[in-house]
1. I'm checking my understanding of the structure. Among residues of segment 86-136 that are surrounded by fewer than 20 Cβ atoms within 10 Å (Cβ to Cβ) and aromatic (Phe, Trp, Tyr), which one is nearest to the chain's Cα centre (by Cα)?
2. Please determine whether any residue of segment 160-171 is at pLDDT below 85 and not in a strand (DSSP E or B).
3. So which of VAL24, VAL43 ends up being modelled with pLDDT of 95 or more and touching a helix residue (DSSP H, G or I) at 6+ places or on another chain (Cβ under 7 Å)?
4. If I ask for residues that are farther than 15 Å from ALA93 by Cβ and in a strand (DSSP E or B), which ones from segment 49-81 would you list?
Amino acid sequence: MKKPLYSLTLITTMLSASLLATQVVAHGYEIPANTPPHIRRGVESPDRTDDQRARDAGRKPAEVLTLADINEGDHVAEITTFGLYYTPMLLGAVGATGKVEMYDLPGLAVFQDGAVGEAGQAFAGARPNAEYHIVDYNVTTMPAGLDAVYNVLFYHDFAGMNVDAAPLNSKVFAALRPGDKYRLLITRLRVVPAGARPVPYIVYTNWAIL
C-alpha cells in the first residue's frame, strides 16, 4: 500500500483562561528551554517590534513554530502576513539559506491607508530572502517545490474576502513537495459569560496539518 502524499492531522490545544491571563499580565512570555535553536532565533529576531512581542504570551510562537516543524533552509509561503507577526519569525527560523514568500490580498494591503502593504514591501525589500506579493488568492500561483505553506488566523476570513478556499488549497498542494505540509492555525474564542472577566487571547486553537 502506497504511503499517502499528504496527511491531515488536527491537534486541539485548550488553554486555561485564568492561567493565560496570569501569564499575559504578570509573567510575559518565556521561550521553552527545549525550543530548537533556529526557532528560538526566529522568536528572538531583532526584526520584531515591541508590539509584536507583547502578543507572545497569548500566542506562544515558539511552541507553535515547533509544532509546525519549520526547518532551517525551508522555502515557505505565508498566506496573509497582515501585521507581520509571524513573518520575521519565519524568516529568522529558515535562516539565510531559506526563503519566505509573503502573500496579501489587495483588500488587506490597502488597510490602514495602505500601511499594511507598505510594511510588507519594506520588510521584503530590505531582505534578500523574502518576497512580498499583493495578489488575488483566486488567481494567484505559487512557486513549485515549497517546503511548507502557512496560513495563520485568516483561513476563516476567506469567505468574507470572496476567496474560494478549495481552488486555493489545490494550488497550495500542487506547489508543495510530496509529503510536505499546509499548516493552518484556526482560532475559536470561547463565549465569556456575562460579568466574567474577558479573555483577550486565544482560548482554543486548532492546528490543522494537511
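1. Step by step, filter segment 86-136, then rank; the result is PHE123.
2. Just the residues of segment 160-171 that are at pLDDT below 85, to begin with: none.
Looking through segment 160-171, none of the residues is at pLDDT below 85 and not in a strand (DSSP E or B).
3. Working: VAL24 fails: modelled with pLDDT of 95 or more.
One residue alone meets the criteria, VAL43.
4. The one that is farther than 15 Å from ALA93 by Cβ and in a strand (DSSP E or B): ILE79.
The values are calculated or read from the model by the stated rules, or taken from the named source; none is laboratory data. Predicted model, so just to flag it, every value in this text is computed and none were measured. Reconstructed Cβ throughout: ideal geometry from the backbone, glycine too, with neighbour counts over all protein chains shown.
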